[in-house]
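Read-outs throughout are calculated quantities, based only on the coordinates presented, and are distinct from any laboratory measurement. Note that the structure is a prediction, hence the values are computed from the model and not measured. Positions of Cβ are generated from backbone atoms using ideal geometry, with glycine treated the same way; all protein chains shown enter the neighbour counts.
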Amino acid sequence: MGDFLSGEGTIVESTSGQLPALQVTWPARTNEESGQTSPEELLAAAHASCYSMALASGLVGGGWEPEVIDVTCTVGLEVGVGIVSSKLTARVTVDGGIPDDKLRETAERAKLNCPVSKALAGIEITLDLPDLAPPEDEAAPPPLPAEGDEEVGVGAGEAEE
C-alpha cells in the first residue's frame, strides 16, 4: 500500500505455487539493496527464461544439441515513462559446435518468437551474443541505456547436461 515512491506490497501466490511470497518496493526498482524484488526484475527473469527455452527449441529443431545455454536479461525503466527496453545476453555451447551464422540466425529467430518478446513488442529488445564476432554489417555495439534509465538484471535459463 502507499503511493508510487513509498508504497510496498507482497506477491503472495503464483498459479504454480512455485514462487514464494515476495516483497515489492520502490527501492527494489532503483537497484538499492533491499532484499526485495520489483516488477522489472520479475519481467527480466520471465524474459530470460522464455528466451532460453525458445533458443533451446530452435537449436534442437535445427539438429544441434545445446550443452549450456546461459541467458541474462536487463530491463530498462525510465521514470515517468515505464519499461523502455529489454537486453538479452546469451552464451551458448553446442555439442560438436555450430557455425556462428547459424547460431546467430537461430538466436535472433528465438528472440522474435519467444512469447515474452512478443508481449514486449512495444519496447526495444536487443540481443547480445558476446562469444560471437559481430556480424559484418554491425558497425557498433548495441546502445547503452539512456541517461536516467534504471536497469534491473537477472540471470535465468541455464541448462547443463
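Applying the criterion of being out of contact with any helix residue (DSSP H, G or I) (no Cβ under 9 Å at 6 or more places or on another chain) and not in a loop (DSSP other than H, G, I, E, B) to the residues of segment 58-84, the residue that is farthest from GLU41 (Cα to Cα) is VAL60.
Candidates LYS102, LYS87: the one that is in a helix (DSSP H, G or I) and in contact (Cβ under 8 Å) with a residue 12 or more places away in the chain is LYS102.
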